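Below you'll find the structure, written out as structure tokens, and then a few comments.
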Amino acid sequence: MNFFEELKWRGLIKDTTDEVGIAEKLNTHCTAYLGIDPTADSLHIGHMQQLLLLRRYQKAGHRVIALCGGATGMIGDPRPTTERKLLTIEDVAHNVSCIKTQIGKFVDFEDETKGILVNNYDWTKELSLIDFLRDYGKHFNVAYMINKDTIAKRLESGISFTEFTYTILQAMDFLHLYNKYGCDVQFGGSDQWGNIVSGSDLIKKVHGSDTKVYGVTSPLVTKSDGTKFGKSEGSNIWLDATKTSVYEFYQFWLNVTDEDAIPLLKRMSFRTQEEIESIELSMKENPHLREAQKALASEITELVHGKDALDRALEITEILFKGDIKKLSYEELKAAFKGAPSGEIIDGEPILDALVKLNICKSKNEARKLVEGNSVAVNGDKVNDINYVLNKKDAFNEEITVIKKGKKVFALAQFE
RNA sequence: GGAGAAGUAGCGAAGUGGCUAAACGCGGCUGACUGUAACUCAGCUCUCUACGAGUUCGGCGGUUCGAAUCCGUCCUUCUCCA
């Protein structure tokens, strides 16, 4: 199975500008690029598939370019629903620096012939309006642009000129990378199809229609029940451990439903076809062991957060679901829960306030309802009195208390 | 520039003077079941010093005993015309 066939088997190919051409190209050598806009100060698991693709390309011997959209991020890729709020220049710069280090976990940038990290702001910031309109604008037919899915969807609800021009900016990136690095493949999620085509079209208009450049997209990750992938408790699962703890990250993957587990393993894991098929087989025989979920969660958590962090997430999991918290020593607890979500409370803190302080609940109102609903446990014991007070003397070493909401959400409360 | 229409909680969408903290659907949370799954069922889903109180229906101002609902004005968006 060659590289292109493998991508297909994994379910990572949706559309290509030229399937035969790209299949050939990927079996020789190419320079492939992926662009990511800095819309937040951390990447989230919605980016994972693409980041892993970057890694796959590099592992397969191709040169990869990770593009951080410092310029495009200031404009905003049109969403199907509504106009984006412009980010401030400071925010974009901050986001760029945060994201760059995260991308480094997936790609090796040590050797320029194997991996390059660029920022499109560098070649866009000096471009004058007149040059933009004369050198690039002429290549874009408005009638053609408004037929692009991303823009067409917005014609009813409204789209600003700013976002309308986004696709031109991204096309300029592909052209720039083609000129400078001979970059001949751009890939991305299927929502990027329009932008990717804009880029290859632009290159062909500038360099001739027989120029060998290719675009390829992968299907967006969806869940079998049709709901949005990548959210937990309504919020994003971030790659930044301070925004989403390693434990939560691990748990997210562990809780993937059976139906989604194998497809996700194919897409996200670097395991071979044989390995994945054997997992699939044993999962069919013993679904309750959730081997696929465990394999998926471990591999991805280790890649993103490292071996030590994974081990700790596993330890916490073990304790929270199988062990008895009260049997642990203070030292064991402290070691196991290192890096877990935590917060400080005072001696005599009411349970409702503590739940809010530790970010387990958004408001005391919510906390009240959960306690009344018998959903909260302190050090393993259910608490259903809304006037319950947390005392130092009940804590481990008079210092640490574990507060749990439901089955899976917990935080460490530390007395001041 | 002109003429219409619309802006309601995370989203979609009712409501068109008091019975409305605002139907319904989705999403989210919790409980039961289970395999930390799926399905199904039940409850919750503005806030708080909580059998009560406060603040909400694009913004501001007004009418009224009383407004998401009426009036004025501003902002935003859509449709059609030029």
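The values are calculated or read from the model by the stated rules, or taken from the named source; none is laboratory data. Model, not experiment: these values are computed from the prediction. FYI the Cβ positions are ideal-geometry reconstructions off the backbone, even for glycines, and counts take in every protein chain you see. Heavy atoms of the whole protein, side chains included, go into the accessibility calculation; ligands, DNA and RNA do not. Shrake-Rupley method; radii C 1.70, N 1.55, O 1.52, S 1.80 Å.
Tabulated values for the structure
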| read-out | value |
| --- | --- |
| Residue check, residue A:323 surrounded by fewer than 20 Cβ atoms within 10 Å (Cβ to Cβ), in contact (Cβ under 8 Å) with a residue 60 or more places away in the chain and either touching a His at 6+ places or on another chain (Cβ under 8 Å) or not aliphatic (A, V, I, L, M) (or both) | no |
| For residue A:4: the one exception among (1) under 19 Å from the mean Cα position of the chain (by Cα); (2) within 25 Å of residue A:263 (Cβ to Cβ) | (1) |
| Search result, residues across region A:314-330 that are of a type outside the set (Lys, Arg), more than 12 Å from RNA strand B (Cβ to nearest atom) and at pLDDT below 85 | A:324, A:325, A:328, A:329 |
| Residue A:257 of a type in the set (Ser, Thr, Tyr) and surrounded by 14 or more Cβ atoms within 10 Å (Cβ to Cβ) | no |
| Cβ pairs under 7 Å, 6+ apart, first in region A:361-390 and closer than 13 Å to residue A:413 by Cβ, second within 6 Å of RNA strand B (Cβ to nearest atom) and not in a helix (DSSP H, G or I) | A:376/A:405 |
| Of residues in region A:124-149 being part of a loop (DSSP other than H, G, I, E, B) and hydrophobic (A, V, I, L, M, F, W, C), the one least open to solvent (accessible area, probe 1.4 Å) | A:140 |
| Positions within region A:247-271 being outside any helix (DSSP H, G or I), more than 8 Å from RNA strand B (Cβ to nearest atom) and either in contact with a Ser or Thr (Cβ under 9 Å, 6 or more places away or on another chain) or closer than 29 Å to residue A:338 by Cα (or both), in sequence order | A:269, A:270 |
| Members of region A:193-218 that are touching a Ser or Thr at 6+ places or on another chain (Cβ under 6 Å) and within 23 Å of residue A:51 (Cβ to Cβ) | A:193, A:194, A:195, A:198, A:200, A:213, A:214, A:215, A:216, A:217 |
| Region A:337-353: number of residues that are closer than 11 Å to residue A:403 by Cβ and near RNA strand B (Cβ under 8 Å from one of its atoms) | 0 |
| Wholly within region A:354-416, strands (runs of 3 or more DSSP E) carrying at least 3 residues that are surrounded by 14 or more Cβ atoms within 10 Å (Cβ to Cβ) | A:376-378, A:400-405, A:409-415 |
| Qualifying residue in region A:27-37 (condition: closer than 27 Å to residue A:104 by Cβ, exposed (fewer than 15 other Cβ atoms within 10 Å of the Cβ) and touching a residue at least 24 places away in the same chain (Cβ under 8 Å)) | yes |
| Hits in region A:327-353 - residues which are part of a loop (DSSP other than H, G, I, E, B) and open to solvent by 10 Å² or more (accessible area, probe 1.4 Å) | A:328, A:329, A:338, A:339, A:340, A:341, A:346, A:347, A:348 |
| Flag if residue A:311 is in a helix (DSSP H, G or I) and open to solvent by less than 50 Å² (accessible area, probe 1.4 Å) | no |
| Scope region A:150-183; condition more than 19 Å from residue A:129 (Cα to Cα), part of a helix (DSSP H, G or I), open to solvent by 20 Å² or more (accessible area, probe 1.4 Å) and within 16 Å of RNA strand B (Cβ to nearest atom); matching residues | A:150, A:152, A:155, A:156, A:157 |
| Index of the failed condition, residue A:89 passing every other in (1) closer than 27 Å to residue A:7 by Cβ; (2) more than 16 Å from RNA strand B (Cβ to nearest atom); (3) open to solvent by 40 Å² or more (accessible area, probe 1.4 Å) | (1) |
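Results for (1) out of contact with any helix residue (DSSP H, G or I) (no Cβ under 6 Å at 6 or more places or on another chain); (2) more than 30 Å from residue A:308 (Cα to Cα); (3) more than 13 Å from RNA strand B (Cβ to nearest atom), shown as yes or no for each residue.
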| residue | (1), (2), (3) |
| --- | --- |
| A:335 | yes, no, yes |
| A:355 | no, no, no |
| A:382 | yes, yes, no |
| A:389 | yes, yes, yes |
